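The values are calculated or read from the model by the stated rules, or taken from the named source; none is laboratory data. All figures in this text were calculated on a predicted structure; none of them were measured in a lab. As a convention, Cβ positions derive from the backbone with ideal geometry for all residues, glycine included, and neighbour counts pool all protein chains shown. Heads up: the accessible areas ignore ligands, DNA and RNA and are worked out on the full protein's heavy atoms, side chains in. Shrake-Rupley method; radii C 1.70, N 1.55, O 1.52, S 1.80 Å.
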Amino acid sequence: MQPLYTLPKIERPALLVVDMQNDFVRAGAPFEVPAAQETIPSQQRLIGAFRQNGLLIVFLQWVGIENDPYQRMQDKFTWARGLADDIKGCRPGHLRYYADIKAHRDCCAIIDELAPTADEIQLTKRGYGAFLGTTLDAILRDRNIDGVIITGVMSECCVEDTARQAYQLHYPAVVINDAVATYDPRATATMLDVVDKNFGWVAETEAVIGWLKAAQGQVRPSLRK
């Protein structure tokens, strides 16, 4: 998918990795998004490129708490059973065994394949978007970030809401089409179309990596091919 317009000038982008947590990605997890596994290589390449260029990466973690007033609409959602106290979906500190890695992990933690370094930022959130109820906006403004690159799950929920909130706060947002996933690929396709037409831009992983390489400390060129 091509961006509809030339990407605005972004001199200091940040990478937002949305909810790539064990309970969303690992096989058999309460909220497993099977297609998320397919996005890991793309996200690894993006994370590597941002680290190599000394650019900010923020890892977002959705926190699930049973009967949390913030999530009082939880009965609306098909995955709400995972929030129950006997499952503890995305409950911080709860260790769960995952057969695909044959090990226990904190169910709320970022997956091993994308593990943040000790000095990288991890932010928890209790809603969908990365900005509402978090310090993300303050972090980005403090570092003079002027645009965001977005990856992760779920496409039509946390990813899309993050792009919408970025738009409302005047951050140009680029969603990476081969680094986002949800339960139904049609929902991802619709989200990408909605974002591209209304709230931001859509690009592929390799286009963004090439864009970062081409900058070499200068104003970054357009992501449009």
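Taking a point 7 Å from the Cα of residue 55 along the Cα-to-Cβ direction, the residues of the range 168-209 with backbone N closer than 19 Å to it are 170-180, 196, 200-209. What the chain shows is 46 Å² of accessible area per residue, with the surface traced by a 1.4 Å probe over protein heavy atoms. Within the chain, what whole-number % of the accessible surface is contributed by carbon and sulfur, with the 1.4 Å probe and all protein chains included in the calculation? Percent of accessible area from carbon and sulfur atoms in the chain: 52. Relative to the Cα centre, the charge distribution of the chain, modelled as +1 at Lys and Arg Cβ and -1 at Asp and Glu Cβ, gives a dipole magnitude of about 460 debye.
Extending 7 Å from Cα along the Cβ direction at residue 135 and again at residue 214 yields two label points whose distance is 3.6 nm. Less than 5 angstrom separates the built amide H of residue 101 from none of the residues sequence-distant by 5 or more or on a different chain. Helix 205-215 versus the longest principal axis of the chain: what is the Cα-based angle in degrees, 0 to 90, to the nearest 10? Tilt of helix 205-215: around 40 degrees.
Cβ under 12 Å from residue 186's Cβ, residue 186 left aside: what net charge do those residues give with Lys, Arg +1 and Asp, Glu -1? With Lys, Arg at +1 and Asp, Glu at -1, the neighbours total -3.
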